[in-house]
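Beneath this line is the structure, given in structure tokens, with notes to follow.
FYI, it's all coordinate maths here, none of it is from the lab. What you see is a predicted model; the values in this text were computed from it and never measured. Positions of Cβ are backbone-derived with ideal geometry, glycine not excepted, and every protein chain shown enters the neighbour counts.
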Amino acid sequence: MIEVFVLLIVKPRSEDLVYEKLKNAPQVKEIYRVFGEYDIILHIEVGGIKELDDFHDVLRKIKEIRTAETLICSSYKVVVADENERDLCGKRKLLRI
């Protein structure tokens with residue numbers, strides 16, 4: 001499996017529409033609307049480069065998406081922090097080692 005983050009810039013006032021179109025895609029593990037340079041961040045998981053290409057084809061069909069930047073994760077060891085420790089989004093914090 002390949003873990004990928006996709007950073008999206010969408011047309012103004014279309015964030016909700018793009019969010020709704022992508023939130024149930026089987027590759028999408030997490031989706032966030034964010035403030036800043038990007039409008040939406042996707043955390044996806046694909047079986048390989050071909051499946052990533054197929055997912056990009058899905059993105060290309062969404063006319064409200066202006067640009068997409070794809071970041072393929074490198075491997076690293078993850079250690080779960082204290083059971084009750086949470087990040088800003090309420091997820092359990094993970095420590096990279």
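Assorted remarks:
- For the range 2-72, fraction of C-alpha pairs farther apart than 19 Å, in %: 23
- Each of Y32, Y19 was scored by other Cβ atoms within 10 Å of its Cβ. Arranged with the fewest first, they read Y32, Y19.
- Computed lengthening from E20 to E3, 0.36 nm per intervening residue step minus Cα-Cα distance: 4.0 nm
- Working from Cα pairs under 8 Å separated by at least six residues, relative contact order for the range 2-72 is 50 percent.
- In nm, spacing of pseudo-spin labels at S74 and R13 (7 Å Cα→C-beta vector): 4.3
- Cβ-derived FRET efficiency at R0 35 Å, F35 paired with R60, nearest 0.05: 0.90
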